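The values are calculated or read from the model by the stated rules, or taken from the named source; none is laboratory data. Bear in mind the structure is a predicted one, so any value in this text is a computation, not a measurement. So basically every Cβ, Gly included, is an ideal-geometry build from the backbone, and we count neighbours across all protein chains shown.
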Amino acid sequence: MSVTVIEYDRGVGRWEADARGRLEEAALALYGERGFELTTVAEIAERAGLTERTFFRYFADKREVLFWGAARLQESLVSAVVGAADSAAPIDAVMAALEAAGAVFQENREHSVRRQAVIAANAELRERELIKLAKLASALAGALHRRGVGEPTASLASEAGITVFRIAFERWINDTSGRDLPQHIRESFDELKTVTAGT
């Protein structure tokens, strides 16, 4: 009885090691070099050493390279708010969730800085980022509703939290002092409390 030995061409395998990460890195590099508008999916795939078909396995279009993590972020924030201590005030539950998310962003600051530079340079992407933040605020309000928080408290707490996060994130991106994102979130939240206290 003979045994057939099947040889696989490793260069044409169906599975590509860290394909998503390679595509994301290639896209960020090209967006930085050429601009978002002038970069094509074909160029991103080529830079990553992958095919366009592989690109579309992970991303619907070249914008999604910048926004694919939004659903995971939303899930994390909602879970943190729902799981907050029963005694936590609505705004405190939201801020604790945002601080926890900030710690995750902190782990890869360079990526966040590069991503934000691409978004800041393109009006369409800035609009998409605002839509993402609005969805996060809505999801946080929904999480507060699950905790029994009514309106308008749930919406006020979630919108205020997202505003604090946005301002803290911008400060962190431009910060050269080395303070981390959770620290910027706490400081921005403290400033909000000062403003609302009227002092």
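Summary table below
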| read-out | value |
| --- | --- |
| The one condition in (1) at pLDDT below 95; (2) in contact with a Phe, Trp or Tyr (Cβ under 9 Å, 6 or more places away or on another chain) that Leu136 fails to fulfil | (1) |
| Answer residue from segment 154-199, given it is basic (Lys, Arg) and part of a helix (DSSP H, G or I) and is modelled with the lowest pLDDT among those | Lys193 |
| Residues (touching a residue at least 24 places away in the same chain (Cβ under 8 Å), surrounded by 15 or more Cβ atoms within 10 Å (Cβ to Cβ), more than 16 Å from Ile185 (Cβ to Cβ) and among the small types (Gly, Ala, Ser)) located in segment 106-141 | Ala139 |
| Among the candidates Glu33, Glu25, Glu37, Glu43, residue that is of a type in the set (D, E, K, R), not in a helix (DSSP H, G or I) and not assigned by TED's automatic domain parsing to the domain that holds Gly142 | Glu37 |
| Hey, Phe189 in contact with a Leu (Cβ under 9 Å, 6 or more places away or on another chain), under 23 Å from Asp86 (Cβ atoms) and not basic (Lys, Arg) or not | yes |
| Which listed residue is free of Cβ contacts under 8 Å to residues at least 24 places away in the same chain and more than 11 Å from the chain's Cα centre (by Cα), from Ala71, Ala96, Ala84, Ala103 | Ala96 |
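Condition check ((1) outside the structural domain of Ala100 (by TED's automatic domain parsing); (2) more than 13 Å from Pro90 (Cβ to Cβ); (3) β-branched (Val, Ile, Thr)) across all residues:
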residue: Leu130; (1), (2), (3): no, yes, no
residue: His145; (1), (2), (3): no, no, no
residue: Thr153; (1), (2), (3): no, no, yes
residue: Asn174; (1), (2), (3): no, yes, no
residue: Ser188; (1), (2), (3): no, yes, no
